[in-house]
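For reference, the structure is listed below as structure tokens.
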Amino acid sequence: MHTRFILINTSHAGNVGAAARAMKTMGFDELVLVAPRWANVLNREETIQRASGALDVLKNARIVATLDDALDGITHLCATAMTPRDFGPPTLPPRQHFETLLQQGIAGQQGIGFLFGSERFGMSNEDVYRCHTCLCIPSDPKFGSLNLAAALQVIAYEWRLALGAHDMQVTTAAPVLADASQLAGMLAHWERALVAIGFLDPQAPKKLMPRLNQLFNRAAVTQEEIHILRGIAKTMDQAGAAQQALQETVSHPKS
């Protein structure tokens, strides 16, 4: 869907760059600035640095003189505000409003614009009154003020989630669980090793091995972990053999 982010009277160049970065991470690229403090804000060093690679968003961004100039092709306007107003459009959390939009089928054929006010004063009442809804991010009522770019990031994320999130890039391979025979072999190895170090009495094993079996079942051990556990058992075997050899030497010293 046609999506546009509109920043009104932005005073800090870095926030423009950070906003561009936030948009790009969620797959959006249309940014319009209404009467920003700096006429050359898109080319300022701080803007470019804070964009952190989202230079295409900055390159395609527009600067306009009035809000009217920023609304071409936009049929659904969302204001953003922390402070509730006695009069104006309904105030809703982003996720709830976006779900309603999609359920009503509005989003499939129209343009949506997200408006953000200046860092110091937020949005004017006049601009809020022009909107269909006012989005309020659920935050701590005692400290709900968000940085401009941070607020935009939340809105962009919620809107992307509503439209359909990007597929996650899997960075680690799925673990390969050990099968029953591998687990049984490891437990047999552990049983011998525990006997070797004197921890398990084979004449009175009680329920030690069944309990270990249940423990490893709950742990859902992988094949690699089986190798580690067998390595531990091998070391216990060796330690038990060394201890046995030492005891035999002490019991039967050479003359």
Which one of 188, 204, 8 has its Cα pushed farthest toward the positive end of the charge dipole of the chain, where Lys and Arg give +1 and Asp and Glu give -1 at the Cβ?
-> 204
Longest site-free stretch - the chain; sites: chymotrypsin sites (Phe, Trp or Tyr not before Pro), DSSP loop, at most 15 other Cβ within 10 Å | 1-86
Give, in nm to one decimal, the length gained when the segment between residue 55 and residue 213 is fully stretched (0.36 nm per residue of separation minus the Cα-Cα distance).
-> 51.2 nm
Mean Kyte-Doolittle of at least -0.5 and a Cα length of 27 Å or more along the axis: which whole DSSP H helices of the chain meet both?
-> 223-251
Per the helix-only model, the chain has a calculated mean residue ellipticity at 222 nm (DSSP H runs of ≥4, -39500 (n - 2.57) each, divided over all residues, rounded to the nearest 500) of -14000 deg cm²/dmol
Space enclosed by the convex hull of the alpha-carbon atoms of the range 3-163, per residue, Å³ | 106
Trypsin sites (Lys or Arg not before Pro) within the range 151-255: which are DSSP loop residues with at most 12 other Cβ atoms inside 10 Å?
-> 206, 207, 254
Give a quick list of trypsin sites (Lys or Arg not before Pro) in the range 44-135 that DSSP marks as loop, anything other than H, G, I, E or B, with at most 13 other Cβ atoms within 10 Å.
-> 120
If every Lys and Arg gets +1 and every Asp and Glu gets -1 at its Cβ, then about the Cα centre the range 180-251 yields a dipole, in debye to the nearest 20, of 260
When 227, 76, 97 are arranged by how many other beta-carbons sit within 10 Å of their Cβ, fewest first, they go 227, 76, 97
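Computed from the coordinates by the stated procedures, all read-outs in this text should not be read as laboratory data. All values reported here derive from a predicted model rather than from experimental measurement. Positions of Cβ are generated from backbone atoms using ideal geometry, with glycine treated the same way; all protein chains shown enter the neighbour counts.
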